[in-house]
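The values are calculated or read from the model by the stated rules, or taken from the named source; none is laboratory data. Just so it is clear, the model here is predicted, and its values are computed rather than measured. All Cβ positions, glycine included, derive from the backbone under ideal geometry; neighbour counts span all protein chains shown.
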């Protein structure tokens, strides 16, 4: 295996996980993951609140 | 009700401009109103291509068991109508259904009315010119010969220009969003809108304009072709499922953590999958092995999404009887799980040894592209179109007809080709069986495929009929929208629990 | 998650990873492979095709032959490609250096054609088969390519190029079927498909 | 619209959550006391933690992936096509493929399928008016295979009479592509298949004739036989 390939593969094995870890650390520290519970509710609002079924077959 | 605060086109391009925090999120009716022209235009064009693509599909399928059918004309030979079918349904229909749905979802999730509708109209016009030019080019013999990228080089710039307008529009809409939180569907949409131009332009350059040498082309080809499905259609299909399933039943998605895990694992693994189309081929062993591993890793996002959707639906399956949207989308989401697990299995070397090069692959492609994606798109349109037109679908029977013909049709299709493909593969791997005997093994399944295709054709006609009818109704006398469309108006609240 | 740039960065990096891994690295690794000199015969492999065969290749692409015929042979112990005589060895990257586009194919509705020039070297067979596959391979589902042939009135003598048709395949009396230049080019391409040269990377 | 609005009461299964504020919700997700969990048998939707089973499943998959790549990556070499190459070199875990000689009839059937069948057909009956039959052919069943071997090696052109019918087509030369053993095997096969009854063809006979006729052309350009030439050669033993 040529040197270039070694650099590429070792590079990807080291750089990718390390950067992923840093991204995760940053995300946690800056609170990116904290308000996930709000996320699922964001598609509902006063006009179409949770609990309202919004689609049905046409009535004859 | 036009808001006076909507930015002008140039203003919206300026990096300095920001959404005015004083403007409240738009009302749903306002958003639907603003989407009416552009999104309906896209849907109608898409359905026209769906019908044309279906005709080519039937011709292609019929030729497989009756080779003399329409054999007298070079432009109608099997090797031309087949790519025309693929490109019409993928770029003509699926793409426009996907983009139309994505535009509407973006507006709803960003809580802004559709801005600069003319961009979408211009883009759609160009897209349809591009598809038409491309299809005629293939029939005339100008196909590039590269699977999923057959449109001749002169059609590609038209399509790319059209897409660029959509891309710019997406960025503008995203920047002027009035809802700070990004819902899971938006992650998928934004990712897809970034991934697609990268894939398409890279493949176009490296395969058509300035081709790389030898089998590197094959690597680029399958990196592109698999990712068009995996990083363009699949995310948009999932975005729709993540929006419509909770929305229709009025219950939030089961777990947002699972959603995040599913999204990021899909982003991480799906794009490495393509080389499993080259198992046994003239590719270095590592390249294929990497893709096989990535394909198996796809179990993570698939299982997460399946659990999430299933647990959201739990206790609410009775809504399938009352909601056309849910019916189509749940069917699609279930098939997403099925086709993905099936795809994982057929990526394995030992399975691929039998199923590669057979009709099994075609069955699998339709399983993903039709039973999952197209059905989800049908479901989305059943939800969106009444809100845009402020009219009710004309007939529940037509919708049922559409669902059952297409649902049964595609299941028959996938079943026939999967089984027929496996038998074909075993026969082909038996060196003592003459090749014509292998062909004979497949024939009954090819006939079944034509029959299932006719079933689906009936469904497509029913859908086009419904769509045409609802549009004609819109030309007719105005009806009180609140009486027609559920949930899009507050006056409906009389029917909902207080 | 409500931070757009985080999303964009992640989405960018994920696709960048496979862009590097599946496109860039292959290009670095074998995007610059060169033809080699075969020791036994002294020929350069792969050789450039003749002009006629290259025209035939364009027709092969334009008529979409690739949708039913692959051009890749799998290894001895993987499938029955070699036992079926589709090639003497597995295909490798070097076999395709001169192909634009590479027509590997993903379907074997018809047999593999990697080595068809060796397996069936007869021009007349290929012409008959193209005119109507049922003549040479009854039960085949390959479409007839009769539109690549000209039907013309027979002169005083039968043309030497006329297809030797008989029985139910023969044209109306007084007429004969002549292969067009397109048909000849396509056959020239098929006959040029041979990959039996042994290479250093594969026995 | 306010995303902080708590889950409304009509959520069918989440009645226990009425009035719960988001801060409490978070506390529960991030490892709440057991008593709190029991109080809420089915917590509200939207932020269910990921099941441990899912995490274990992911771990197992990742582990498998690493193992597979380590084993079948061919050291990431560009010209290694066999995913088991490193295994074969290293521990000798797979046996080298044996080159055991095939049963001549089996080999003959295989060669026939590869190169003869497209013209002479699987049933040996040929194509009427184009390619002569081999089944019940007097040429195939001649006592000596001397003419047959010559036809296979160098090809045949011009009219030939078989079983009372005249055929006028050209058969290509197979000298460059078939070995002596393959020619012998395929001729033995056609002489004993479809009810044909003639003696098997020996490998030495092919080799001898190949040497005798080596001057009829050169690689890729072999001169085909004509029927009149072949008739000079005795077909008796």
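Would you point out the residue of the range D:33-79, among those that are surrounded by fewer than 18 Cβ atoms within 10 Å (Cβ to Cβ), modelled with pLDDT under 55 and not in a helix (DSSP H, G or I), that is nearest to the other protein chains (Cβ to nearest Cβ)?
Across the range D:33-79, the extreme among qualifying residues is D:42.
Only residues that are more than 9 Å from every other protein chain (Cβ to nearest Cβ) and surrounded by 24 or more Cβ atoms within 10 Å (Cβ to Cβ): list them for the range B:71-88, please.
B:84, B:87, B:88
Just need a number here: residues in the range C:134-145 that are at pLDDT 95 or above and part of a helix (DSSP H, G or I).
Summing the residues that are at pLDDT 95 or above and part of a helix (DSSP H, G or I) in the range C:134-145 gives 0.
Report whether or not residue D:129 is touching a helix residue (DSSP H, G or I) at 6+ places or on another chain (Cβ under 8 Å), part of a loop (DSSP other than H, G, I, E, B) and within 10 Å of chain C (Cβ to nearest Cβ).
Answer is yes for this residue.
Residue B:493 - would you say it is outside any loop (DSSP other than H, G, I, E, B), touching a helix residue (DSSP H, G or I) at 6+ places or on another chain (Cβ under 6 Å) and modelled with pLDDT under 90?
For residue B:493, the condition - outside any loop (DSSP other than H, G, I, E, B), touching a helix residue (DSSP H, G or I) at 6+ places or on another chain (Cβ under 6 Å) and modelled with pLDDT under 90 - is not met.
Across the range C:155-187, which residue is modelled with the lowest pLDDT among those that are in a loop (DSSP other than H, G, I, E, B), within 13 Å of chain D (Cβ to nearest Cβ) and under 23 Å from residue B:66 (Cα atoms)?
So, considering only residues that are in a loop (DSSP other than H, G, I, E, B), within 13 Å of chain D (Cβ to nearest Cβ) and under 23 Å from residue B:66 (Cα atoms), the one modelled with the lowest pLDDT is C:166.
List pairs: first residue in the range C:161-180 and more than 15 Å from residue C:124 (Cβ to Cβ), second residue surrounded by 17 or more Cβ atoms within 10 Å (Cβ to Cβ) anywhere in the structure, Cβ distance under 7 angstrom, at least six positions apart or on different chains.
Final answer for the pair search is C:167/D:129; C:171/C:165; C:171/C:177; C:180/C:148; C:180/C:149.
Looking at (1) within 29 Å of residue B:315 (Cα to Cα); (2) facing another protein chain (nearest Cβ under 8 Å); (3) not in a loop (DSSP other than H, G, I, E, B), which is the one condition that is false for residue B:188?
The number of the failed condition is (2).
Within the range A:5-28, is even one residue at pLDDT below 75, at the interface with chain D (Cβ under 8 Å from one of its Cβ atoms), more than 27 Å from residue B:257 (Cβ to Cβ) and not in a loop (DSSP other than H, G, I, E, B)?
Yes, there is a match, as at least one residue in the range A:5-28 is at pLDDT below 75, at the interface with chain D (Cβ under 8 Å from one of its Cβ atoms), more than 27 Å from residue B:257 (Cβ to Cβ) and not in a loop (DSSP other than H, G, I, E, B).
Please go through the range B:217-232 and pick out each residue that is closer than 16 Å to residue B:290 by Cα and at the interface with chain C (Cβ under 7 Å from one of its Cβ atoms).
B:218, B:219, B:220, B:223, listed by residue number.
Among B:402, B:360, which is the only one that is under 19 Å from residue B:65 (Cβ atoms) and part of a helix (DSSP H, G or I)?
B:360
When residue B:200 is evaluated against the numbered criteria (1) over 26 Å from residue C:96 (Cα atoms); (2) in a helix (DSSP H, G or I), which criterion, by number, is the only one it fails?
With (1) over 26 Å from residue C:96 (Cα atoms); (2) in a helix (DSSP H, G or I) applied to residue B:200, the lone miss is (1).
Which members of the range B:328-351 meet the condition of being facing another protein chain (nearest Cβ under 9 Å) and buried (at least 21 other Cβ atoms within 10 Å of the Cβ)?
Those that are facing another protein chain (nearest Cβ under 9 Å) and buried (at least 21 other Cβ atoms within 10 Å of the Cβ): none in the range B:328-351.
Restricting the search to the range C:1-46, which residues are within 14 Å of chain D (Cβ to nearest Cβ), closer than 26 Å to residue B:282 by Cβ and not in a helix (DSSP H, G or I)?
Those that are within 14 Å of chain D (Cβ to nearest Cβ), closer than 26 Å to residue B:282 by Cβ and not in a helix (DSSP H, G or I): C:31, C:32, C:33, C:34, C:36, C:38, C:40, C:41, C:42, C:43.
In the range D:163-180, which residue that is surrounded by fewer than 17 Cβ atoms within 10 Å (Cβ to Cβ) and more than 14 Å from residue D:132 (Cα to Cα) is farthest from the other protein chains (Cβ to nearest Cβ)?
Checked the range D:163-180; the qualifying residue farthest from the other protein chains (Cβ to nearest Cβ) is D:179.
Looking at B:315, B:214, B:281 in this structure, which one is buried (at least 24 other Cβ atoms within 10 Å of the Cβ), within 9 Å of another protein chain (Cβ to nearest Cβ), without any contact (Cβ under 8 Å) to a residue 24 or more places away in the chain and assigned to a loop (DSSP other than H, G, I, E, B)?
After ruling out the rest, the residue left standing is B:214.
Conditions tested, residue by residue: (1) under 24 Å from residue B:167 (Cα atoms); (2) without any contact (Cβ under 8 Å) to a residue 60 or more places away in the chain; (3) part of a helix (DSSP H, G or I).
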residue: B:11; (1), (2), (3): yes, yes, yes
residue: B:16; (1), (2), (3): yes, yes, no
residue: B:25; (1), (2), (3): yes, no, no
residue: B:38; (1), (2), (3): yes, no, yes
residue: B:53; (1), (2), (3): no, yes, yes
residue: B:63; (1), (2), (3): no, yes, yes
residue: B:75; (1), (2), (3): no, no, yes
residue: B:98; (1), (2), (3): yes, no, yes
residue: B:104; (1), (2), (3): yes, no, yes
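So residue C:190 fits all but one of (1) within 14 Å of chain D (Cβ to nearest Cβ); (2) over 28 Å from residue C:36 (Cα atoms); (3) modelled with pLDDT of 95 or more; what number is the exception?
(2)
Inside the range B:134-159, can you point out the residues that are surrounded by fewer than 18 Cβ atoms within 10 Å (Cβ to Cβ) and part of a helix (DSSP H, G or I)?
B:136, B:157
Assess whether residue A:51 counts as being under 22 Å from the mean Cα position of the chain (by Cα), within 7 Å of another protein chain (Cβ to nearest Cβ) and at pLDDT 75 or above.
no
Conditions first: (1) free of Cβ contacts under 8 Å to residues at least 12 places away in the same chain; (2) assigned to a loop (DSSP other than H, G, I, E, B). Residue C:196 passes all but one, so which condition is the exception?
(1)
Determine which single condition residue C:152 fails, assuming it passes every other condition in (1) surrounded by fewer than 19 Cβ atoms within 10 Å (Cβ to Cβ); (2) outside any loop (DSSP other than H, G, I, E, B); (3) within 29 Å of the chain's Cα centre (by Cα).
The failed condition is (3).
Between residues in the range C:72-83 that are at the interface with chain B (Cβ under 8 Å from one of its Cβ atoms) and surrounded by fewer than 17 Cβ atoms within 10 Å (Cβ to Cβ) and residues that are at pLDDT below 90 and assigned to a loop (DSSP other than H, G, I, E, B), which pairs lie under 8 Å by C-beta distance while being six or more apart or on different chains?
Hits for this filter: C:83/B:431.
Looking at this structure, is residue B:305 assigned by TED's automatic domain parsing to the domain that holds residue B:188 and under 25 Å from residue B:410 (Cα atoms)?
Against the criterion (assigned by TED's automatic domain parsing to the domain that holds residue B:188 and under 25 Å from residue B:410 (Cα atoms)), residue B:305 qualifies.
Condition (residue is assigned by TED's automatic domain parsing to the domain that holds residue B:328, within 29 Å of the chain's Cα centre (by Cα) and without any contact (Cβ under 8 Å) to a residue 24 or more places away in the chain) applied to the range B:436-444: is it met by at least one residue?
No, the conditions are met nowhere in the range B:436-444.
Can you name the residue in the range C:100-109 that is at the interface with chain B (Cβ under 7 Å from one of its Cβ atoms) and at pLDDT 90 or above and is also farthest from residue B:281 (Cα to Cα) among such residues?
By that ranking, first place goes to C:101.
For the range C:85-97, check the following and say yes or no: at least one residue is modelled with pLDDT of 90 or more, within 7 Å of chain B (Cβ to nearest Cβ), outside any helix (DSSP H, G or I) and under 22 Å from residue B:295 (Cβ atoms).
There is no residue in the range C:85-97 that is modelled with pLDDT of 90 or more, within 7 Å of chain B (Cβ to nearest Cβ), outside any helix (DSSP H, G or I) and under 22 Å from residue B:295 (Cβ atoms).
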